[in-house]
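The block underneath contains the structure these notes are about, expressed in structure tokens.
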Amino acid sequence: VCVLGLRRAFCVAGMLLAFETRRHQHAPTAHHLQLLGTRQSEQSKGVGSKLIQAGIRRAEQHGLPCYLEASNERSVPFYKRHGFKVVETYYHFEGGVDGDGNRIVGRGPVVTLMFRPLGGVAH
């Protein structure tokens, strides 16, 4: 909190709560895949596919569907190729203020909420 400042800490906490609320709305029992990324020099070499497949395998071993939040619009086609479908396009800061108390101009950054049913490709 000291590094972020109180206003920014509340902003981050509110955003995390909003994400968790939406996850419970869209996929309350799903295995939540978090923080998947690859170094730019390793992209398009299959590393990301191996990582996502490991998460999908783990979920399926437990009999669970998968859920994730894509914070980069460019990654949405990648997740779709792995059977995920978009369940919501979410703009947390739309109509609000940033961590410094300034009004957000436009919609702010987008987060794409995605779901993959147990056993296969989403329709």
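The values are calculated or read from the model by the stated rules, or taken from the named source; none is laboratory data. No experiment lies behind these values; they were computed from the predicted model shown. Glycine gets a Cβ as well: all are built from the backbone with ideal geometry, and neighbour counts include every protein chain shown. We work out accessible area using only protein heavy atoms, side chains counted, and drop any ligands, DNA or RNA first. Shrake-Rupley method; radii C 1.70, N 1.55, O 1.52, S 1.80 Å.
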- Message: So for the range 50-71 (the condition being in contact with a Cys (Cβ under 6 Å, 6 or more places away or on another chain) and either without any contact (Cβ under 8 Å) to a residue 24 or more places away in the chain or open to solvent by 40 Å² or more (accessible area, probe 1.4 Å) (or both)), does at least one residue qualify?
- Response: no
Those residues of the range 26-59 which are of a type outside the set (A, V, I, L, M) and either within 13 Å of the chain's Cα centre (by Cα) or closer than 29 Å to residue 101 by Cα (or both) amount to 26, 31, 32, 34, 37
The residue that is nearest to residue 73 (Cα to Cα), considering only those in the range 99-111 that are in a loop (DSSP other than H, G, I, E, B) and touching a residue at least 40 places away in the same chain (Cβ under 8 Å), is 99
Among the residues of the range 33-49, the number that are touching a strand residue (DSSP E or B) at 6+ places or on another chain (Cβ under 8 Å) and open to solvent by less than 40 Å² (accessible area, probe 1.4 Å) is 1
Apart from one, (1) within 11 Å of residue 65 (Cα to Cα); (2) open to solvent by less than 40 Å² (accessible area, probe 1.4 Å) all hold for residue 115; the odd one out is (2)
Exercise. Residue check: is residue 96 within 15 Å of residue 15 (Cβ to Cβ) and either surrounded by 13 or more Cβ atoms within 10 Å (Cβ to Cβ) or free of Cβ contacts under 8 Å to residues at least 60 places away in the same chain (or both)?
Worked result: yes
Condition set open to solvent by 70 Å² or more (accessible area, probe 1.4 Å) and assigned to a strand (DSSP E or B), scope the range 72-93, selection nearest to residue 18 (Cα to Cα): answer is 89
The number of residues in the range 15-47 that are assigned to a helix (DSSP H, G or I) and either in contact (Cβ under 8 Å) with a residue 24 or more places away in the chain or under 13 Å from residue 113 (Cβ atoms) (or both) is 10
*Using the structure shown, decide if residue 55 is part of a loop (DSSP other than H, G, I, E, B) and not β-branched (Val, Ile, Thr).*
no
